[in-house]
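What follows is a single structure, written as structure tokens, with notes after it.
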Amino acid sequence: MKRNSLQQRIFMASITILLIVYGCSAWASYYLSVSKISAEKEKQLSNVTKRVAQNLSDMFDQTEKVALLVSQNGRLLDQMTAHYADDNAELAKLQNIESTLSGMILQYPHIESILVSFRNENTYMFTFGTTVDRQQSRELNLFRNKWADAVLAGEKGVWRSPDANGGEMPSLFHVLLGEKFVFSKRINDNAVVSLAVSPAKIKSLLTQTDSPFGYEVSAYRDAAAVVQAGSGHAENSFDHMETVRLEKYGLELRTWIDSEASAADRLHQVRNIAILAFLLSAVAFVLSGWFAHRMVNPIRQLKRQVEDIYGLSDSVKVIDYQIKHKFPVSFRLKMFLYLLAVSALGTFVLFAVNFVFSKTQIRENLKQYYFEYLSQSENSIEFNLKNTERFAASILRDGTLQELMRGTEDKEVLAGELKALFSYQQVIDKNINYLNVYGSDGEIVFSTINSSLNEQPVEKRNIYPLLKESRGETVYFNEKQDPFGNHVISIAKKIMSTTYPSTLLGYYILTVIEGELSYLSSNLGIMLLDFMIVGTNGDIIFNKDNSAVEDIMAVPGVFTQTKGAQEARINGQNKLVMFDEMSDTNWKIISTVDASELNQGEREITLAYGYTLLVILFALFCVIYFLSGSISRPIRMLMFKIRETVEDHFQGRMPLLAGTDEIAELSQHLYAMIQKIQFLMNDIYTVEVKNREIQLEFKKAELANLIHQINPHFLYNTMETIKWMAMELTGSENRVTKIIGELSVFLRFGIHSDMRTVWVDEELAHVSAYLYIQQIRYGERLRVKWDIDPAARRKRIAKFVLQPIVENALLHGIDPKRKAGIVSIRIAAEGGSLMLEVTDNGAGIDSRTLERLNDANPASDDHVGLANIRRRLVLLYGEHVALTVSSKPGYWTKVTILVAQADES
């Protein structure tokens with residue numbers, strides 16, 4: 001490819017624009033995919049954060065309720081302030097207080113410690129995982145630091161965040177409770193109750209196994225503290241993170257989506273896009289080279305038209321010649337369509353690959369999001385139900401109450417004590433509809449509702465079969481109609497002695513109205529989400545949408561598998577059904593979402609891709625249009641000048657185009673050609689005379705050849721007669737008939753003297769017949785070698801060119817040497833040319849004779865040898881033929897004919 005040539009310009013322009021288009025398309029499609037996936041994740045993270053924040057708020061609200069429970073337990077406070085002289089009584093008091101305090105927080109996994117501080121430095125504490133002696137508990141007394149003033153100043157209580165006012169706290173307090181959220185509430189002017197919540201335990205409660213969503217709870221930090229502390233690990237490690245501040249509790253909830261898996265997927269996609277872009281670029285490189293080569297075809301055709309004009313000998317034809325428009329599509333349009341097609345195809349491929357990636361990622365993220373929603377909803381249900389149970393259990397573990405229940409002879413005292421303890425239950429837990437306490441005999445002892453409908457023994461309740469078979473665990477029952485006609489969720493448990501664990505003291509049943517689960521109706525941003533809770537026996541506990549229940553219940557795997565997801569046809573629509581089993585109740589939480597939700601992100605990314613493709617295609621259209629116009633402008637100018645010159649009957653001068661490419665070179669050739677045409681038009685007579693002379697020379701050469709054949713018709717007929725007479729004498733073919741037959745072939749070839757060219761195969765047959773006759777004459781002295789290219793046999797050559805050369809080889813080469821000789825005949829076709837070569841190992845030719853034989857214009861023309869052959873070849877082929885003779889005297893002679901444009905037709 002010539003430098004600065006048109007072909008090079010087309011190639012460089014094509015490859016440059018294709019590389020830019022592929023690079024921009026790869027980046028744009030990948031950026032759109034990642035942006036859409038990121039936007040979907042942010043939206044999902046925001047919705048999940050709202051649900052988790054609600055669950056977290058419920059935990060901290062319940063912590064405040066436990067503090068309220070302690071502050072309202074007058075009997076417990078009386079125990080704490082009482083002093084006994086008897087050591088055993090004092091020890092029993094401490095054990096009873098510890099049992100009561102542990103019972104209050106035992107059922108709350110997020111509460112780690114409970115501390116009651118008195119102004120007189122009496123301190124009572126229970127904590128999980130750590131043993132604190134009496135002296136250490138006194139050091140933890142809240143009245144020893146200034147924080148007590150803030151607690152005593154209000155009635156609602158104060159939350160202290162981890163590390164808040166650490167310098168003002170006793171060292172032991174900072175060690176045990178410094179990393180905890182501590183809620184302190186004023187009991188009276190001389191007493192404060194404090195509860196510690198562990199951030200680590202909250203995190204473990206919120207985080208689901210195999211979930212990409214992560215959570216962290218920490219102290220509330222203002223902007224200055226964040227800047228000073230720097231970004232934490234969550235900010236640095238995760239692409240999507242959201243922070244919610246619950247100022248009431250002095251905490252921050254940070255939620256994030258694990259970026260490791262998505263980062264690996266993005267890296268894998270980047271590699272795929274890079275490989276694809278490289279392959280497209282390689283294809284573009286090859287196509288651009290091929291296209292640039294093909295685009296110069298108009299120039300080649302134009303050169304052929306120049307040759308057409310150059311070859312016209314009739315002046316009328318030259319004047320009337322019309323430029324042939326052989327191209328149905330213009331140069332500019334072909335280039336425009338090629339670049340647009342290849343660019344658009346590569347762009348579509350890149351966008352399609354990224355579309356599949358984004359579609360897969362969005363669907364996978366949505367499924368993870370749905371399961372996270374399901375898990376957080378399950379947490380919310382279990383936490384709310386357990387809170388109700390924990391409230392009752394914490395009261396029933398009270399030491400004095402346990403003692404009264406062991407002494408069942410005074411039920412009125414027991415009922416009074418229970419009434420005092422449960423009189424504020426509506427304040428502490430508004431989820432409870434009513435609570436019944438039964439003695440070990442099954443008779444009701446206490447109820448928060450005074451009604452004869454509620455006085456039946458525990459054996460008459462629907463939940464009793466489950467309660468009877470239980471071993472101290474809590475049992476749940478979906479009671480569609482309780483004694484009052486309400487649809488409730490019943491929670492029941494055996495009351496066992498804390499002192500003697502195998503002793504049954506009684507039962508309790510509390511109920512929660514099903515309507516209290518209505519908070520589950522929120523859809524967390526999923527527009528077509530349905531939600532239901534199913535009991536172990538298949539009864540519906542809660543259902544957001546009452547339609548299509550039977551279809552949902554019939555989905556395979558819902559009751560045979562613990563957790564899973566299944567696509568199914570629900571109520572005539574495609575749905576994704578997700579289900580999970582609650583660990584405590586064994587209820588199934590089932591949520592369904594319209595399958596169209598899974599495709600929502602796909603529709604959005606399709607629209608984004610569509611608009612982006614339109615912009616890219618429009619930009620491509622404009623750039624390619626102007627680029628193709630710029631490159632094709634010289635060609636269009638040249639075509640215009642040619643038409644203008646032809647229409648002017650070659651009277652004017654064609655201007656030369658500046659430049660070094662093929663177009664400028666072609667304009668120079670055209671300029672020279674038109675000058676020649678003008679010269680021919682001014683010298684028509686000379687041209688006609690020259691033409692007649694050429695025809696006359698050809699006729700003379702033909703005549704010389706005919707004379708050389710010595711009347712072939714007569715000899716041919718005579719040889720045929722002799723051949724038949726010889727066959728009659730022997731009755732079959734013999735050597736005489738064979739040689740006569742070959743002689744006949746040789747003579748027959750000369751009959752058709754009106755043919756100027758013959759096939760190479762025909763010329764070889766003529767030479768073969770001649771050599772057969774000569775081999776009869778020479779015998780063992782003559783050997784012939786043939787080297788014939790099969791492709792050469794389909795070429796045409798001037799008649800009678802090979803046999804005279806072979807004859808010269810015998811007469812002037814083999815005969816004078818008087819010993820065995822070899823004649824080698826070689827014919828080869830190379831491209832459009834044809835080469836004939838005859839070599840002998842005879843006497844050779846001296847230098848003077850060799851010089852005369854190679855003279856293109858010999859002094860005499862009365863012979864029919866090499867000069868005759870040369871003249872006929874020139875008449876037929878002009879300057880496209882060459883005949884050369886080379887020799888080494890005494891050793892060899894070689895005659896070569898090279899025809900540059902051998903005809904095949």
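Assorted remarks:
- Residue check, MET125 at pLDDT below 75 and not basic (Lys, Arg): no
- Candidates in the range 14-24 are the residues that are under 13 Å from VAL342 (Cα atoms) and in contact (Cβ under 8 Å) with a residue 12 or more places away in the chain; of these, the one that is surrounded by the fewest Cβ atoms within 10 Å (Cβ to Cβ) is LEU19.
- Taking first residues from the range 179-192 that are within 14 Å of LEU69 (Cα to Cα) and partners that are outside any strand (DSSP E or B) and acidic (Asp, Glu), the Cβ contacts under 9 Å between residues at least 6 apart in sequence or on separate chains come to PHE183/GLU64; LYS185/GLU64; LYS185/GLU155; ARG186/GLU155.
- For the range 68-91, the set of residues classified as surrounded by fewer than 14 Cβ atoms within 10 Å (Cβ to Cβ) and of a type in the set (A, V, I, L, M) consists of ALA82, ALA85, ALA89, LEU91, listed by residue number.
- Residue identified as among the hydroxyl-bearing types (Ser, Thr, Tyr) and assigned to a helix (DSSP H, G or I) among SER137, SER113: SER137
- Residues (modelled with pLDDT of 70 or more, assigned to a helix (DSSP H, G or I) and over 23 Å from CYS24 (Cα atoms)) located in the range 277-298: TRP290, ALA292, HIS293, ARG294, MET295
- Scanning the range 779-794 for residues that are within 16 Å of GLU762 (Cβ to Cβ) and assigned to a strand (DSSP E or B) yields a total of 2.
- Matching residues, the range 783-801, being in contact with a Leu (Cβ under 7 Å, 6 or more places away or on another chain) and farther than 14 Å from GLU837 by Cα: LYS795, ALA798
- Test: residue in the range 400-419 that is at pLDDT 70 or above, polar (S, T, N, Q) and crowded, with 21+ Cβ neighbours inside 10 Å: yes
- For PRO170, the conditions (1) touching a strand residue (DSSP E or B) at 6+ places or on another chain (Cβ under 6 Å); (2) at pLDDT below 65; (3) surrounded by fewer than 18 Cβ atoms within 10 Å (Cβ to Cβ) all hold with the exception of (1).
- No other residue among GLN135, GLN44 is of a type in the set (S, T, N, Q) and free of Cβ contacts under 8 Å to residues at least 24 places away in the same chain apart from GLN135.
- Only listed residue being crowded, with 16+ Cβ neighbours inside 10 Å, at pLDDT below 75 and out of contact with any helix residue (DSSP H, G or I) (no Cβ under 9 Å at 6 or more places or on another chain), chosen from ALA223, ALA229, ALA234: ALA234
- Out of GLU260, GLU252, GLU307, sole residue that is touching a Ser or Thr at 6+ places or on another chain (Cβ under 9 Å) and at pLDDT below 75: GLU260
- Pairs, first in the same structural domain as VAL555 (by TED's automatic domain parsing) in the range 565-590, second surrounded by fewer than 15 Cβ atoms within 10 Å (Cβ to Cβ) and of a type in the set (Val, Ile, Thr), C-beta under 6 Å, six or more apart: GLU581/THR562
- Hey, VAL270 modelled with pLDDT of 70 or more and either under 30 Å from PRO199 (Cα atoms) or surrounded by 13 or more Cβ atoms within 10 Å (Cβ to Cβ) (or both) or not: yes
- Residue that is surrounded by the most Cβ atoms within 10 Å (Cβ to Cβ) [pool: residues in the range 120-139 that are of a type outside the set (S, T, N, Q) and under 20 Å from GLU90 (Cβ atoms)]: MET125
- Residues within the range 443-469 that are surrounded by 13 or more Cβ atoms within 10 Å (Cβ to Cβ) and under 15 Å from ASN586 (Cβ atoms), tallied: 2
- Top-ranked residue in the range 880-902 [being over 22 Å from GLY831 (Cβ atoms) and among the hydroxyl-bearing types (Ser, Thr, Tyr); ranked as farthest from the chain's Cα centre (by Cα)]: TYR891
- Total residues in the range 146-167, condition outside any helix (DSSP H, G or I), modelled with pLDDT under 80 and surrounded by fewer than 16 Cβ atoms within 10 Å (Cβ to Cβ): 5
- Scanning the range 830-844 for residues that are more than 60 Å from the chain's Cα centre (by Cα) and closer than 24 Å to ILE797 by Cβ returns LEU836, GLU837, VAL838, THR839, ASP840.
The values are calculated or read from the model by the stated rules, or taken from the named source; none is laboratory data. Being a predicted model, the structure only gives us computed values, none of them experimental. In this analysis, Cβ positions are derived from the backbone assuming ideal geometry, glycine residues included, and neighbour counts consider all displayed protein chains.
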